[in-house]
Amino acid sequence: MRKFEASHVDQVILLNQAGRNTHADICASLELFAAEVMPEFVDRHDEHEAWKQEVLAGNIKLDVVDMRSVAGGKTDPIEASV
């Protein structure tokens with residue numbers, strides 16, 4: 001999660017409904033994530049939102065992202081977006 005944060009990723013999808021997880025297991029996993037992982041990031045949320053608004057306003061130019069290494073060379077580099 002820290003690596004995502006360092007890259008300014010602010011949304012993730014937790015896919016814990018795969019396999020034979022029961023509803024209770026899924027709820028417990030989400031509660032554990034909320035209690036043990038999320039608090040670290042809450043304090044920095046406002047800082048990230050301020051950065052994001054600067055990007056959206058055009059005051060910060062994002063780097064070009066080369067996705068060829070993960071796309072099997074089938075795409076051109078693209079400009080990063082929020």
Qualifying helices (runs of 4 or more DSSP H) (wholly inside region 1-57; at least 1 residues being of a type in the set (G, A, S)): 2-6, 23-36, 45-56
Can you find even one residue in region 43-55 that is of a type in the set (K, R) and closer than 16 Å to E5 by Cβ? yes
Return the pair list, or none, for Cβ contacts closer than 7 Å from residues in region 35-56 that are closer than 12 Å to D10 by Cβ to residues that are in a helix (DSSP H, G or I) and not hydroxyl-bearing (S, T, Y), at least 6 apart or on different chains. F41/E5
Checking the structure you have, find out if any residue of region 65-76 is at pLDDT 85 or above and surrounded by 10 or more Cβ atoms within 10 Å (Cβ to Cβ). no
Only one residue in D46, D25, D10 is among the charged types (D, E, K, R) and modelled with pLDDT under 90, so which one is that? D10
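The values are calculated or read from the model by the stated rules, or taken from the named source; none is laboratory data. If you're wondering where the values come from, they're calculated on a predicted model, not measured in any experiment. Ideal geometry is used to build each Cβ from the backbone, glycine not excepted, and the neighbour counts take in all protein chains shown.
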